[in-house]
Amino acid sequence: MIQDMRLIELKGVCKNFGDTQVLHDVDLYIRKCEFITLLGPSGCGKTTLLRIIGGFEMPSSGEVLFEGKDMTGIPPYKRRINTVFQKYALFNHLNVYDNIAFGLNLKTPEQLGVQTKKEKKEEIARRVNRMLKLVKMEGYEKRSTNALSGGQQQRIAIARALVNEPEVLLLDEPLGALDLKLRKEMQLELKAMQQQLGITFIYVTHDQEEALTMSDTIAVMNGGRIQQIGDPKGIYDEPKNAFVADFIGESNIVDGVMLQDDLVKFRDTEFQCVDEGFDTNEPVDVVIRPEDIMIVGEDVGMLSGTVESVIFKGVHYEMMIRDEIGGEGQGMLWKVHSTTMQPVGTRVGMTIVPYNIHIMHKAKTADAEPVSETGDKEA
Amino acid sequence: MVRNKRASKALKGTYLALVLAFLYIPIVVMIALSFNKSVSRAEWTGFTFDWYAKLFQSKQIMAALRVTLEVAVVATAVSTVIGTLGAIGMHAMNTGMANVLVNLSYLPMTTPDIVTGVSLMLMFVFAKVPLSKWTMIMAHIAFDTPYVLFSVMPKLRQMNPNLYEAALDLGCSPMKALGKVIVPEISPGIVTGALLAFTMSLDDFVISYFTSNTDQNLAMIVYSAARRGVEPTMYALSTLMFVAIMALLLLVNRRSGLENM
């Protein structure tokens with residue numbers, strides 16, 4: 001259960017590497033027992049942000065608070081945080097058991113709640129065995145880490161971090177090297193572990209599906225800034241800007257103009273929508289999910305176009321449909337998902353219901369990189 | 001076609017045999033003569049271990065053996081520590097500065113021994129350090145260290161950079177992380193470097209000659225004996241040195257072979 005207490009709080013965190021600023025004024029709080037994902041394309045600053053929380057990098061300015069206390073300058077080995085690294089970083093000179101016991105061996109008997117060295121050894125064995133059971137790797141104690149598969153190494157890396165009973169577990173793209181099926185399994189297992197242990201997880205990934213599956217909260221990052229923070233459903237259904245819409249799931253993003261409340265014009269056509277509070281004639285980004293475009297008869301749609309390609313995607317067909325605005329062959333390509341297939345060359349109509357049209361303010365900063373495919377080729 | 005193939009195979013074989021013969025016949029001759037009963041190089045009068053026995057009875061040679069081993073062991077130990085720490089330090093530096101240092105460390109390996117020897121001698125004389133076994137050890141440390149450095153550096157470069165951070169993450173202080181994670185991880189490189197350094201120390205003549213006074217190592221004994229006219233004991237001594245160094249180098253090669261598997 002997520003508690004309301006703010007375990008970690010970042011205030012105005014900036015980070016520069018030489019002349020490049022990789023983090024701009026990041027504000028973020030993380031609650032106890034929360035599973036939060038930092039999601040973004042490579043180079044967006046998500047790993048740097050994670051490394052700042054772990055203590056491997058110092059922020060150039062701003063504060064990192066842990067339970068309200070400033071953590072700046074406190075080295076990683078004095079933080080109640082453990083990390084699962086991208087390439088596992090297992091110690092190859094130690095076997096599986098000693099890898100997991102590594103952190104516990106460094107503690108005094110008192111820190112483990114026992115008196116003598118002998119009791120410490122027994123306590124470590126008890127905890128390591130419990131972890132091996134949790135990650136389903138019982139019986140591998142004496143194995144060399146080199147002899148393990150990628151998935152098994154991943155489990156040991158997770159066990160090695162969790163055995164120290166950290167307040168927070170940082171995970172840096174931990175499933176990146178695994179094949180799809182194993183990755184899906186591990187996603188569910190990680191989520192289950194997190195709920196069972198009640199530990200805060202901060203998870204870094206560029207895989208939006210992974211983020212949607214596992215997280216309580218997602219922070220979408222781009223260009224060193226947090227673009228949007230919210231729960232998975234909120235971020236998917238109500239993306240705050242064109243970048244988020246494009247990054248989370250697939251989208252058609254169109255330039256439009258807000259004519260008045262609940263009425264938007266794009267592709268030379270007026271559409272009813274459900275967005276209010278924009279300026280009259282304000283230029284906006286219009287985002288429409290491919291599954292929200294309905295294919296209707298060729299002359300009854302709001303827009304009409306011709307099917308240019310069809311790909312079978314398993315559950316649905318993905319069709320690229322070029323509309324007819326701006327003359328033949330000059331129109332914009334729409335990505336449409338549908339369970340019924342229209343052959344290439346068919347002329348179809350497209351309809352979008354008002355609540356599936358998402359209107360967004362144009363991004364104001366250059367860093368936010370408005371991703372638009374306008375199709376207007378006036379150059 | 002078949003004949004051509006056979007001819008080229010024969011040609012390759014002959015060429016290889018010639019190269020090997022050119023390289024090893026002198027050594028084989030020397031090894032053979034070390035077992036010759038006659039003092040003369042011209043005739044073979046029968047097989048004997050006498051020269052080897054004489055070798056081990058010679059106080060001078062035994063003293064030189066002790067000097068050689070003492071110098072090699074101390075120089076290897078010190079240069080292994082310096083070289084390993086140096087490599088770790090350079091690895092952690094920003095690349096510009098590290099490149100300068102790496103190139104500077106290459107230089108002593110390519111400088112002719114005679115230059116290294118003379119300049120070290122001059123330095124000791126200039127600093128008023130009397131030449132002794134200890135100056136010889138210092139000189140050996142100087143030329144051994146780059147071998148350790150360049151055996152350890154590749155291991156550091158291959159190492160997952162997150163290993164050090166993982167150690168810190170699990171509660172190691174930086175010093176503990178060095179001892180518990182970094183050094184074990186690069187230990188194959190350290191051992192290879194130490195073996196190379198030991199080999200270099202064992203057979204060094206030129207630098208030792210310039211940087212020591214009365215203490216002579218085995219190479220120096222062979223050199224001074226040769227000036228008085230070579231005795232078969234020197235063949236025996238050279239044979240033993242050859243075998244010892246051959247064994248060490250085989251060990252080094254085997255180790256790097258195993259690691260690359």
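The values are calculated or read from the model by the stated rules, or taken from the named source; none is laboratory data. As the structure is a prediction and not an experimental result, all values here were calculated from the model. Cβ sites come from the backbone with ideal geometry, for glycine too, and all protein chains shown count toward neighbours.
Listing for the model above:
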quantity: Any chance A:Gly301 is assigned to a loop (DSSP other than H, G, I, E, B), surrounded by 15 or more Cβ atoms within 10 Å (Cβ to Cβ) and touching a Phe, Trp or Tyr at 6+ places or on another chain (Cβ under 9 Å); calculated: no
quantity: Residues within the range A:335-361 that are within 20 Å of A:Asn241 (Cβ to Cβ) and touching a helix residue (DSSP H, G or I) at 6+ places or on another chain (Cβ under 7 Å), tallied; calculated: 5
quantity: Residue satisfying all of: in the range B:215-236; modelled with pLDDT under 85 and assigned to a loop (DSSP other than H, G, I, E, B); nearest to B:Phe49 (Cα to Cα) among these; calculated: B:Glu231
quantity: Selection within the range B:160-176 - within 9 Å of chain A (Cβ to nearest Cβ), among the aliphatic types (A, V, I, L, M) and in a helix (DSSP H, G or I); calculated: B:Leu163, B:Ala166, B:Ala167, B:Leu168
quantity: Positions within the range A:74-83 being more than 8 Å from every other protein chain (Cβ to nearest Cβ) and in contact with a Gly (Cβ under 9 Å, 6 or more places away or on another chain), in sequence order; calculated: A:Ile74, A:Lys78, A:Arg79
quantity: Count of residues meeting criterion [under 18 Å from A:Arg6 (Cα atoms) and modelled with pLDDT under 90] in the range A:168-194; calculated: 0
quantity: The range A:25-62: number of residues that are among the charged types (D, E, K, R), touching a Lys or Arg at 6+ places or on another chain (Cβ under 7 Å) and surrounded by 14 or more Cβ atoms within 10 Å (Cβ to Cβ); calculated: 2
quantity: Complete set of residues in the range A:118-157 that are over 19 Å from A:Leu180 (Cα atoms) and among the hydroxyl-bearing types (Ser, Thr, Tyr); calculated: A:Tyr140, A:Ser144, A:Thr145
quantity: Residue tally, condition buried (at least 21 other Cβ atoms within 10 Å of the Cβ), farther than 18 Å from B:Gly179 by Cα and either in contact with a strand residue (DSSP E or B) (Cβ under 7 Å, 6 or more places away or on another chain) or within 9 Å of chain B (Cβ to nearest Cβ) (or both), over the range A:84-121; calculated: 3
quantity: Residues being within 12 Å of chain B (Cβ to nearest Cβ) and outside any helix (DSSP H, G or I) - total across the range A:144-164; calculated: 2
quantity: Members of the range B:68-93 found to be crowded, with 17+ Cβ neighbours inside 10 Å and of a type outside the set (A, V, I, L, M, F, W, C), listed by number; calculated: B:Thr68, B:Thr76, B:Ser79, B:Thr80, B:Gly83, B:Thr84, B:Gly86, B:His91
quantity: Candidate set from the range B:94-126 (those that are among the hydroxyl-bearing types (Ser, Thr, Tyr), over 11 Å from B:Pro146 (Cα atoms) and without any contact (Cβ under 8 Å) to a residue 12 or more places away in the chain); member that is surrounded by the most Cβ atoms within 10 Å (Cβ to Cβ); calculated: B:Ser119
quantity: Failed item in (1) within 12 Å of chain B (Cβ to nearest Cβ); (2) surrounded by 13 or more Cβ atoms within 10 Å (Cβ to Cβ); (3) hydroxyl-bearing (Ser, Thr, Tyr), with A:Tyr140 passing the rest; calculated: (1)
quantity: Selected residue [assigned to a strand (DSSP E or B), out of contact with any Gly (no Cβ under 8 Å at 6 or more places or on another chain) and touching a residue at least 40 places away in the same chain (Cβ under 8 Å)] from A:Ile2, A:Ile30; calculated: A:Ile30
quantity: Single residue of the range A:122-136 satisfying the filter (crowded, with 16+ Cβ neighbours inside 10 Å and at pLDDT 90 or above) that is nearest to A:Gln152 (Cα to Cα); calculated: A:Leu132
quantity: Test: A:Pro59 is away from chain B (no Cβ under 14 Å) and either of a type in the set (Ser, Thr, Tyr) or more than 25 Å from B:Ser187 (Cα to Cα) (or both); calculated: yes
quantity: Exclusive hit being out of contact with any Lys or Arg (no Cβ under 8 Å at 6 or more places or on another chain), loosely packed, with under 15 Cβ neighbours inside 10 Å and modelled with pLDDT of 50 or more, set A:Lys377, A:Lys364; calculated: A:Lys364
quantity: Residue in the range B:138-159 that is part of a loop (DSSP other than H, G, I, E, B) and within 14 Å of chain A (Cβ to nearest Cβ) present; calculated: yes
quantity: Selection count, the range A:44-56, where residues are part of a loop (DSSP other than H, G, I, E, B) and either without any contact (Cβ under 8 Å) to a residue 12 or more places away in the chain or within 14 Å of chain B (Cβ to nearest Cβ) (or both); calculated: 2
quantity: Single unsatisfied condition, B:Val183 versus (1) away from chain A (no Cβ under 11 Å); (2) surrounded by fewer than 20 Cβ atoms within 10 Å (Cβ to Cβ); calculated: (1)
